[in-house]
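S.K.: Please read through the structure below; I'll follow up with questions.
The values are calculated or read from the model by the stated rules, or taken from the named source; none is laboratory data. Quick caveat, the model's predicted, so the values are computed rather than measured. In this analysis, Cβ positions are derived from the backbone assuming ideal geometry, glycine residues included, and neighbour counts consider all displayed protein chains. Heads up: the accessible areas ignore ligands, DNA and RNA and are worked out on the full protein's heavy atoms, side chains in. Shrake-Rupley method; radii C 1.70, N 1.55, O 1.52, S 1.80 Å.
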Amino acid sequence: MNDPNGLVFFEGEYHLFYQYYPDSTVWGPMHWGHAVSPDLIHWKYLPIALYPDSLGYIFSGSAVVDATNSSGFGSVEKPPMVAIFTYHNPRLEKSGSNVFQNQGIAFSLDKGRTWTKYSGNPVLKNPGIRDFRDPKIFWNEKTKKWNLIIAVYDRVHIYSSANIKDWTFESEFGIGTGAHGGVWECPDLFPLKVNGADIKKWVMLVSINPGGPNSGSATQYFTGEFDGHKFVPDNTNTRWIDWGRDDYAGVTWSNIPASDGRRIFIGWMSNWKYATVVPTTVWRSATTIPRELSLVAENGKYLLISGPVHEFTKLRNESDSVNLKSQSFIGEKEISFDRISLMQCELLFDFGLSDNKVDSLGIILENNLKERFIVGYSSLQKQFYIDRKEAGNTGFSKEFAGVATAPYTAGTGLKLHLIVDASSVELFVDGGKLVMTSLVFPTEKFTKLILFSKGGNVLLSKAEFHGIEKIWP
Ligand code: FRU
């Protein structure tokens, strides 16, 4: 699999479609795979939703519930789910044409179980640009119209429509703004309330490949204003939703009930630098944990923060949870947990940094082969780092081993939240102000947890360990 697609909530189910090639663990003719969940945590696979056809492979896109039946595919009583996606035509591509990516739609009247492609496809034709893909559709309350944001090589275009079939070009955004080390892909655009204030900003997500902060794929964001026609950014800075090397093409769910009100994001947990060669068999690639996005005002800017959805705590195994006592440490200190594995767990730490001689501190996950996965913070360099050089199998790609870094300035305390799975670690710092997602392939399970501090004493005021239950039957 790669990108998550068609994220939509409908009648008690979260739908997750995804870029899927059923015949191989290497990327090929794309389909939309399909899974549903009642709670964002427990998932059930459903049959493939969309197959390639004479117009092309089914690339990334999005889905909505058409409540007013503006498309005419259902009725107001039985509103259709409508998906919009990119048709990528390999035949045209090979022939040297520039117009091999066009947008098509499909609808479902049975809760996403079966889909009918629209006979008038494509609904949005390629204007003559090779990269024209990944439409994200959303209802605009202000203009009472649909909007669509689509990646167009090194920028995005915004369109509007009354019926999801006929689209009008509105505006372009991106030149001279944000990161441009690669092609823009998988955009999203949505309003989000600022925490603790009566202000709403619009947030634009844009994935970029390559050109991420730690090489390869990554997702940047902008905050600003949007009136249904034009997006005006607050500033032109480059900012990343996740500084790790393994969170790409993430977008958010549509149709979350107003009573819930969350903006929920999920990303593809890999990087095109090595996605097709990571050492997994039978399966390849997964998504991040679904994350709730929030905005906080900080130093005159709006910062996008993210953390695991609260439903995730349901997976904590109470009989396999430990609270460690408060203690201070310097050097390397092994915390002995009586565990046969640290591979499926959640770790929460609160560190006190009042000793200003501390140069760096962090956490090491280690196994019997002395393979180590290191999460560290350097107060000298004012940055976080994730070092997986000696964390196990890295030989499948020379791109994989490097150390990922992220600028960060800690206060007198630091909160780290790690979600560790069999081949991934998701790190959330200080409530999600910094996020780093990382794949890791240890040869044996990590069994030891080591804390380290260089230069001065660190106070560990809180440490929680939770075993995490399997989500599959
Ligand atoms: C991003 C991407 C999208 C495209 C899809 C194809 O990872 O390249 O731009 O629609 O993957 O699988």
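S.K.: Tabulate in residue order the Karplus-calculated ³J(HN,Hα) for segment 104-120, using 6.51 cos²θ - 1.76 cosθ + 1.60 with θ = phi - 60°, rounded to whole Hz; enter x for Gly and Pro.
M.R.: In residue order, the calculated couplings are x, 10, 8, 9, 9, 10, 10, 6, x, 6, 10, 10, 10, 7, 5, 5, x Hz.
S.K.: Name the aspartates and glutamates eligible as straight-distance cross-link partners of Lys136: C-alpha to C-alpha under 19 Å, and not fewer than 8 places from it in the same chain.
M.R.: Asp3, Asp66, Asp154, Asp166, Glu170, Glu172, Glu185, Asp188, Glu225, Asp227, Asp247, Glu292
S.K.: Then there's this: Scan around Ala404 for amide H atoms under 5 Å from its own, H built in the peptide plane at 1.01 Å from N, and keep only partners 5 or more places away or cross-chain.
M.R.: Residues meeting the criterion, in which the H sits 1.01 Å from N, are Ile386, Arg388.
S.K.: Express the relative contact order of the chain as a whole percentage, based on alpha carbon pairs under 8 Å and six or more residues apart in sequence.
M.R.: Values: 1297 pairs, mean separation 57.2, N = 473.
Rounded, it is 12 percent for the chain.
S.K.: From the residues Phe190, Leu434, Pro29, which one has its Cα farthest along the dipole of the chain in the positive direction, the dipole being from +1 and -1 charges on Cβ of Lys/Arg and Asp/Glu about the Cα centre?
M.R.: Value computed over the given set: Pro29.
S.K.: Over the chain, give the accessible area per residue in Å² for a 1.4 Å probe, as an integer.
M.R.: Values: 18860 Å² over 473 residues.
Normalised by residue count, the accessible surface of the chain is 40 Å².
S.K.: Given an 8 Å cut-off on Cα distances and at least 6 residues of separation, report the relative contact order of segment 397-473 as a percent. Before the final figure, lay out each step's value.
M.R.: Numbers: 46 pairs, mean separation 12.2, N = 77.
It comes to 16 percent, rounded to a whole number.
S.K.: Could you sort out which of Lys78/Lys144; Lys314/Lys454; Lys382/Lys454; Lys325/Lys357 sit more than 25 Å apart by Cα distance in this structure?
M.R.: Working: Lys78/Lys144 20 Å; Lys314/Lys454 36 Å; Lys382/Lys454 14 Å; Lys325/Lys357 23 Å.
With Cα atoms farther than 25 Å apart: Lys314/Lys454.
S.K.: If you don't mind, there's one more thing I want to ask. Apply 1/(1 + (r/R0)^6) to the Cβ-Cβ distance of Arg316 and Asn195, taking R0 = 22 Å, and write down the FRET efficiency to the nearest 0.05. Show your work: numbers first, answer last.
M.R.: Values: r = 25 Å, r/R0 = 1.14.
The calculated FRET efficiency here is 0.30.
S.K.: In segment 172-307, what is the count of Lys pairs whose alpha carbons are under 15 Å apart, counting only pairs at least 8 residues apart or on separate chains? Before the final figure, lay out the partial values.
M.R.: Working: Lys193/Lys201; Lys193/Lys301; Lys200/Lys301; Lys201/Lys230; Lys201/Lys301.
Close lysine pairs under the 15 Å cut-off: 5.
S.K.: What number, in percent, do you get for the relative contact order of segment 128-256 if the mean sequence gap of Cα pairs under 8 Å and at least 6 apart is divided by its residue count?
M.R.: On the way: 311 pairs, mean separation 25.3, N = 129.
That works out to 20 percent.
S.K.: I want to check the label-to-label distance for Ser336 and Asn299. Put each point 7 Å from Cα in the C-beta direction and report it in nm to one decimal.
M.R.: 4.4
S.K.: Whole-Hz ³J(HN,Hα) for each residue in segment 151-166, computed from phi via Karplus 6.51 cos²θ - 1.76 cosθ + 1.60 with θ = phi - 60°, x for glycine and proline: what do you get?
M.R.: Couplings: 7, 10, 6, 10, 7, 10, 10, 10, 10, 9, 7, 9, 9, 6, 9, 10 Hz.
S.K.: Using a Förster radius of 22 Å, what is the FRET efficiency between Leu380 and Asp355 based on their Cβ-Cβ separation? Nearest 0.05, please. All intermediate terms of the calculation are to be shown ahead of the outcome.
M.R.: Working: r = 14 Å, r/R0 = 0.64.
Working from the Cβ atoms, E equals 0.95.
S.K.: If amide hydrogens are placed 1.01 Å from N in the peptide plane, which non-local residues have theirs closer than 5 Å to the one on Arg263?
M.R.: Correct list: Leu293.
S.K.: Now for a separate question. Computing the accessible area with a 1.4 Å probe over protein heavy atoms, can you report the carbon and sulfur percentage for the chain?
M.R.: Details: 9730 of 18860 Å².
For the chain, the apolar C and S fraction of the accessible surface comes to 52 percent.
S.K.: Quick one: what are the phi-derived ³J(HN,Hα) couplings along segment 183-188, Karplus 6.51/-1.76/1.60 with θ = phi - 60°, whole Hz, x for glycine and proline?
M.R.: Rounded to whole hertz, the list is 7, 7, 9, 6, x, 8.
S.K.: If you don't mind, there's one more thing I want to ask. Can you give me the three principal axis dimensions of the chain from its C-alpha atoms, in Å, biggest first?
M.R.: That gives 67, 48, 45 Å along the principal axes, largest extent first.
S.K.: Check Tyr20: other-chain or 5+ apart residues with amide H under 5 Å from its amide H, H built from backbone geometry?
M.R.: Residues meeting the amide H criterion: Asn2, His31, Gly33.
S.K.: What pairs in Lys142/Lys165; Lys398/Lys445; Lys117/Lys142 have C-alpha atoms more than 27 Å from each other? If you can, show how the numbers build up before the last one.
M.R.: Numbers: Lys142/Lys165 20 Å; Lys398/Lys445 23 Å; Lys117/Lys142 29 Å.
Checking Cα-Cα distances, Lys117/Lys142 exceed 27 Å.
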